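Trainee: Mind having a look at this structure? Questions to follow.
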Amino acid sequence: MKRQITNLIAAGTLALSGAVAAQAQDQGVLDTIIERDSLLCTGHNGSYLGFAEVDAQGAWQGFDIEFCKALATAILGSPDKVQIIPVSWAQRFPAIQSGDIDVIIKVTGWTMTRDTELGLQYSRPYFIGPFYVMSKTELGATGIADLEGGVFCVNAGTTIERVLTDYMETKGIAYEPLAFEKGEELRAAFYAGRCDAIAGFGPFLSATRINAENPDDYEILGDVLALEPEGIVVRQGEDDFLDVINWMVSALLMAEEAGVTQANVDEMKANPPSASVERLLGVTPGVGERLGLSDDWAYNVIKTVGNYGEIYDRTVGDGSRYKLPRGLNNLWNNGGLLYPLVMD
């Protein structure tokens, strides 16, 4: 696995020189992607389980990777035209600021500082992320307050450091933070007993527990530190590119709401049940032109990756080994917070 990651990083590095040169031209990122015929999208510098990981065959997979493939398909017509560039949490912002990558799809929390001070702009949220704490079952903690004075492992360069600090200060709970750059280092430290608890993104904690030698040794506590909207990030001023991203996310949600799936999308296109599905699948002329894309861009995306629910299910949900409940990431009409925009 380490050799696979090394090879992927080497390949990604070769791609970066071309990306930087392309960005030097006086054109937007969307035009650069089309000219290059390739999308440079974020991966991870190790294995972010369920979201960006490398399988036994050396292929990238996960929730975020599927959105990278969807975006490449929307713009270039094929998921094979995405290059996954391995970057760490801390490297993602310098990488996009320098033009080494085109877009950040890496469960990146939408915060005021990032939005206003880093020269970046966010898409609509594509994932609602809860933060929890997981502790050792043997400690008998029923809440975070029971871990007073303990050592808490966190991912360096992520919003969880601030979220944990704010929560602990508000509650008056003393603790000792221990930060790690790589997720696998953090998990190893926790398994080895270097910390009493991990504070982190709910899906990450679930994956950490599932992959432990004995999952029953660990328990995710019920206290919610915070909710964080996760957005797709582009450079400030790339409005055309951001429009494509926002409507791609919306198309995936719209497809789920309308019952359009990877399996039935051809039938739905041939016999659309409504005017909205006609527009979604490009039967209505001109819907792609507004974005600088082909009219069938959303059809191609759904045919390639399925709708939002299908992506969720096979990467982190019931169809995966992680089996994370949809929760707030359900559609609005199923108890969640997600909804499609109006494609008129």
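Every read-out reported here was derived from the displayed coordinates using simple, explicitly stated rules and does not represent laboratory data. The model shown is predicted, which means the values in this text are computed figures rather than measured ones. Because the Cβ atoms are built from the backbone with ideal geometry, glycine has one as well, and the counts that use them run over all protein chains shown.
Trainee: Based on the alpha-carbon gyration tensor of segment 137-223 and its eigenvalue square roots a ≥ b ≥ c, which shape applies: rounded if a/c is under 1.5, prolate if not and a/b is larger than b/c, or oblate?
Mentor: oblate
Trainee: How many percent of Cα pairs in the chain exceed 28 Å?
Mentor: Result: 44 percent of Cα pairs exceed 28 Å.
Trainee: Between residue 341 and residue 212, what is the label-point separation in nm under the 7 Å Cα-to-beta-carbon projection?
Mentor: It is 4.2 nm.
Trainee: Hey, another quick one. Which of the lysines could a cross-linker span from residue 269 if the Cα-Cα distance has to be under 24 Å and same-chain partners fewer than 8 positions apart are dropped?
Mentor: Counting by Cα, and skipping residues close in sequence, residue 269 has these lysines nearby: 69, 303.
Trainee: Check every DSSP H run in the chain and write down those whose alpha carbon atoms cover 24 angstrom or more along the long axis and whose mean Kyte-Doolittle hydropathy is 0.0 or greater.
Mentor: Flagged H segments are 2-23, 239-258.
Trainee: Sticking with this structure for a sec: Just to confirm a number: summing +1 for Lys and Arg and -1 for Asp and Glu over residues other than residue 212 whose beta-carbon lies under 14 angstrom from that of residue 212, what do you get?
Mentor: Surrounding charge for residue 212 is -2.
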